[in-house]
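The structure under discussion appears below in the form of structure tokens.
Any read-out appearing in this document is the output of simple, stated calculations on the displayed coordinates, not a laboratory observation. Everything quoted here is computed from the prediction, not taken from an experiment. Note that we place each Cβ from the backbone using ideal geometry, even for glycine, and neighbour counts take in every protein chain shown.
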Amino acid sequence: MAVTPAAADTLAERLLAGDQRALARAITLVESDDPRGWELVREVYPHTGKAAIVGCTGAPGAGKSTLISSLTALRRAQGRSVGVLSIDPSSPFTQGALLGDRIRLTDHFLDQGVFIRSMANRGALGGLSEAALQTALLMDAAGRQDIFLETVGVGQAEVDIIDHADTIVLVLMPGSGDSIQALKAGVMEIPDIIVVNKCDHPMTETMVREIRGVLSLAPADGRPTPIVKTEALRGDGVAELADELDAHRAFIEAEGTLAERRRRNLRSEVISICTHRMRRDLEARVDGDERFTKLFDAVVERKLDPASAATEILEQLGD
């Protein structure tokens, strides 16, 4: 159904009033790259910046969704409103996704104080969808006080979350090869809090020692990275994790680094949107152009290397 300008204004007002359906509609517009969605974001953007945005990353199967569900229950018991954005992997062929994270959050579906959205990553690298930060902004504008962003669970390269959240939580699971690999990867450089979930596993203490060993090699930034042991299914350790989230929030506010993080995140978002739009424009300009078709044919025939072809395309487009 088409949205008229007047209806868009009404949608913004409903969104700012916390209407669940308006929020869902707004996210759909942004996710589909609809110009009406960007207009809506522009209108409500001055009302953002109040929510605490927590990013949860880690290997598949570590229990991120279950942990977020337990954190959501705790925050609701504290009287806070919550937004959850879970990113699921999508098919590289059909762009479809199971969106299975919603299955693990069913306890909150009827709670009007919780808004849950699953989103396919649509091939975006780094564990997040391109529309993730825009969605978080819309949830913020709708009055969600705590927003949890769950990445797709792709492994060592899953570091885009650092450009979207105020606090980064890395969730690991003892006895998992993926978790051991994470200890060696760049993903260990981004967390503000590390969670060892499923802590009833006999290898838990061994993993905690390994994590501490890795952290000891990193330069100190004034705040040691806490390690929290949880069993999310039972809710064990979740209150301690919430306390650490509050402590980190208080720390970055006192140090003035919250504003710095958000400035970096928003700068990255601006550049990302520019890159996306420039690529789309470039593809539209070269598609069907005989000059560029000949260049691509030369690359296929091994008469011209890709870098030289790219240079020639840019030179011709610049003329």
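Per-structure values
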item: Residue-wise HN-Hα coupling along region 274-285, computed from phi with Karplus coefficients 6.51, -1.76, 1.60 (Hz; x: Gly, Pro); result: 4, 4, 4, 6, 5, 5, 4, 5, 4, 4, 5, 6
item: Counted charge near ALA51, where neighbours are those whose Cβ lies closer than 12 Å (Asp, Glu -1; Lys, Arg +1); result: +3
item: Neighbour-count order for CYS199, CYS274, fewest beta carbons within 10 angstrom listed first; result: CYS274, CYS199
item: Hits among lysines - C-alpha to C-alpha of LYS294 under 16 Å, sequence gap 8 or more where chains match; result: LYS303
item: Sorted by Cβ density within 10 Å, fewest first, the residues LEU110, LEU170; result: LEU110, LEU170
item: Square roots of 5 times each gyration tensor eigenvalue, C-alpha, region 236-307, largest first, Å; result: 50, 16, 11
item: Amide H within-cut-off set for ILE190, under 5 Å, with H built and near neighbours excluded; result: none
item: Length gained when the stretch ALA77-ALA254 is fully extended (0.36 nm per residue, less Cα-Cα span); result: 61.1 nm
item: Sorted by Cβ density within 10 Å, fewest first, the residues THR257, THR151; result: THR257, THR151
item: Cubic angstrom per residue, convex hull over Cα atoms of region 269-318; result: 80 Å³
item: Loop-resident sites, region 251-307, for trypsin sites (Lys or Arg not before Pro), counting at most 15 other Cβ within 10 Å (DSSP); result: ARG302, LYS303
item: Amide proton proximity set for SER86, modelled H, under 5 Å, gap of 5+; result: ARG117, SER118, MET119, GLU150
